[in-house]
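The values are calculated or read from the model by the stated rules, or taken from the named source; none is laboratory data. All figures in this text were calculated on a predicted structure; none of them were measured in a lab. Glycine also receives a Cβ, built like all others from the backbone with ideal geometry; neighbour counts cover every protein chain displayed. What goes into the accessible areas is simple: the full protein's heavy atoms, side chains included, and nothing from ligands, DNA or RNA. Shrake-Rupley method; radii C 1.70, N 1.55, O 1.52, S 1.80 Å.
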Amino acid sequence: MAVIWMLLNMLTACMAINMEATGSHSMFSCEPITLRMCQGLSYNTTFMPNLLNHYDQQSAALAMEPFHPMVNLECSTEIRPFLCALYAPVCTEYGHVTLPCRRLCQRAKSDCYKLMDMFGVSWPDEMECSRFPECDESYPRTVDLLPSSDGTEESPSSVQRDYGFWCPRELKIDPDLGYSFMGVRDCSPPCPNMYFRKDELIFSRYFIGVVSIVCLSATLFTFLTFLIDVGRFRYPERPIIFYAVCYMMVSLVFFLGFLLEDGVSCNTASTGRFRASTVTQGSHNKACTLLFMTLYFFTMAGSVWWVILTITWFLAAVPKWGSEAIEKKALLFHAVAWGVPGTLTITLMAMNKIEGDSMSGVCFVGLYDLMALRWFLLVPLALDVVVGVVLLLAGIAALNRVRMEIPLEKENQDKLVKFMIRIGVFSVLYLVPLLTVIGCYLYEHSYRSVWENTWVQERCREYHIPCPIKVEQTSRPDIALFLIKYLMMLVVGIPSVFWVGSKKTCFEWASFFTGHRRKDAVNESRQVLQEPDFTQLLLRDPNTPVVRKSRGTSTQGTSTHASSTHLAMLDEPPSASTSRASSVRSKASSYHGSLHRSRDERYTAFSYRGAEDRLPHGSTLRLNDPLQHSNVNRLDSHSRHGSLQRLESQSRHSSVRDLSITAQAIQSGPGNGIHPVVEEDGTKA
């Protein structure tokens, strides 16, 4: 039992003084003792690092300086051999790690405790007597100096011990900056990148720069197309625009990193202090912090906006919500899309997890810290993929069920099929790059420790640090893996061009460059961007209905047929809209009245009371009395007659004159029976 107890105590001591193995072993040679305090002992050779993890005798001498008064005043005869047993342990020919006895520690501490208190020196925790084996012998013990019984003939100049990674002097950083590298504090990775050659880094920098320019151009085109005609992109497809804006900012940050090279991502070398160029960490570098905030925030926001896009498609396809009903939830969408990435960004800044990327010139997270890579990149991106795919499949299944079960016109059925194909292709173009990025992150997470051990093995002699001699696996990363990761991080924003690319987009850009536009894009953009009024939505009484200007889409309880038709007509060109409007006019339905062509190329019910009383598309007239009913019948009759006359003579002037006469006749009556329609709540839509 005593032997077991001694072994347990020795094991506890070894763990307490930070001697646990890290998967690699190092070989050291015995060296003469140069410490002035430890001269003249019963042994004259030692090895480094010592039991207190001092790499060389110079650092051990600096750590022993607070104990010089106690040794010089000879407060105890045991204090000097006890300190030397820890700071300059004996180097035996058999590689034994020897510890001083507990009684030796207790006598040294009890004799010098008062004098230490007088000089303001505290007894270190790593020197607590309970951590040493129970014995009462001087150091070194006789058993430690005896040869082993098995007669092993090893070189008397070498021992093997477990030390792990020691930060080279060239990579050490000031303690107040909070740097860490491979689990060692106040240490930073070398810059440029520790895994690749200089020519590989130059190629990767230009590769990332070119790809960022292409992606920036594509996403900027999407955003400018949106600004030309804001009213065209309404919910459920509005999130595509914000998604494109997010990846436009991501591409812009990578382009800035290409221009800055490693001026922001790396700390400059200090020759006088023997400091090499190291990777920037933390938030002390303002430029690096700004690049990190922009890149990480918009990367996460882009993935959240894709999830919101699948949510809006789901609401439009399954519960049959209209465009304006979904738009009522815009405040909630924006709060989630910007709030969640903002919270993650602030959390990373508070945890000081910012790291420079010498390959791309930007600052990001998870480049050297596996914990940050796991919880702040892999988990959020994987969660976005799972939620988005589930909602996307549910929406596509609902649209397909509508197509199979409910009879639609041939034209609408073809448009619905095309819309489903567009959703599928757009989603594949987004998911393939994103899943590739996640796969690259998982590969890095699995092999990062192997790459680091391989780097230590290759550079240990250059940095004069312990070299690992028993590494089970060695591997170097392939630069193609990192190039694919950066490529997919950028091209994930390009699918937005696929969505806005259509004949209608070509017509709008042609009209924009030729100047033949019949509407003020700036004023309309300002009008649409201000709807809905979020302040009024927050401050209004919950029971008060919201009256909104209609832009051609009804939020009333629509049928499955109407909702599916609306989804199919989200992006049809002007020619298709005109042909469809002509067909509707030829049918001359009694509940539509005369049709008026709005600014967004849709046909809505004509209003005789101005823009405020314009009826939403699909809303029915309210008839209060027989006189109003007869007035509306006269209006319907005149409308059909005017529509047929326009189709035959193709004269817009005569149709407007007929409609004006009809409007005057109706206004002469007690009331025209046309009232503003109050939108129902989005939950009823």
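Fully extended, how many nm does the chain gain between residue 202 and residue 379 (0.36 nm per residue separation, minus their Cα-Cα distance)?
60.6 nm
Relative to the present Cα-Cα distance, how much length would full extension add between residue 42 and residue 481 at 0.36 nm per residue of separation?
Answer, rounded to one decimal: 152.3 nm.
Under a Cβ-only charge scheme (Lys and Arg +1, Asp and Glu -1), can you give me the dipole magnitude of segment 298-407 about the Cα centre, in debye to the nearest 20?
360
Which FRET efficiency value, to the nearest 0.05, do you get for residue 136 and residue 443 by plugging their Cβ-Cβ distance into 1/(1 + (r/R0)^6) with R0 = 56 Å?
Here the calculated transfer efficiency is 0.50.
How much accessible surface does residue 74 have with a 1.4 Å probe, in Å² rounded to 10?
We get 140 Å² for residue 74.
What accessible surface, in Å², does a 1.4 Å probe find on residue 284, ignoring ligands, DNA and RNA and rounding to the nearest 10?
Surface accessible to solvent at residue 284 totals approximately 80 Å².
Which shape class applies to segment 235-342: rounded if a/c is under 1.5, otherwise prolate when a/b exceeds b/c and oblate if not, where a ≥ b ≥ c are the square roots of the Cα gyration tensor eigenvalues?
Judged from the Cα gyration tensor, segment 235-342 comes out prolate (a/c at least 1.5, a/b above b/c).
Find out how many positive minus negative residues lie around residue 110, taking Lys and Arg as positive, Asp and Glu as negative, among other residues whose Cβ is under 13 Å from that of residue 110.
After counting each charged neighbour, the total is +2.
Suppose all protein chains stay in the model; what accessible area per residue would a 1.4 Å probe give for segment 441-501, in Å²?
That works out to 46 Å² for each residue.
Work out how much length residue 217 to residue 125 would gain on full extension: take 0.36 nm times their residue separation and subtract the Cα-Cα distance, in nm to one decimal.
Length gained, residue 217 through residue 125: 27.1 nm.
At R0 = 41 Å, how high is the FRET efficiency between residue 186 and residue 425 if r is their beta carbon distance? Nearest 0.05 is fine.
Approximately 0.20, to the nearest 0.05.
With every protein chain in place, what's the accessible area of residue 235 (1.4 Å probe, Å², nearest 10)?
Residue 235 exposes around 10 Å² with every protein chain in place.
Measuring from label point to label point, each 7 Å out along Cα→Cβ, what is the residue 114 to residue 224 span in nm?
8.6
Would you mind checking the radius of gyration and Dmax of segment 35-107 based on alpha-carbon positions, in Å?
When restricted to the Cα atoms of segment 35-107, Rg and Dmax are 11.9, 36 Å.
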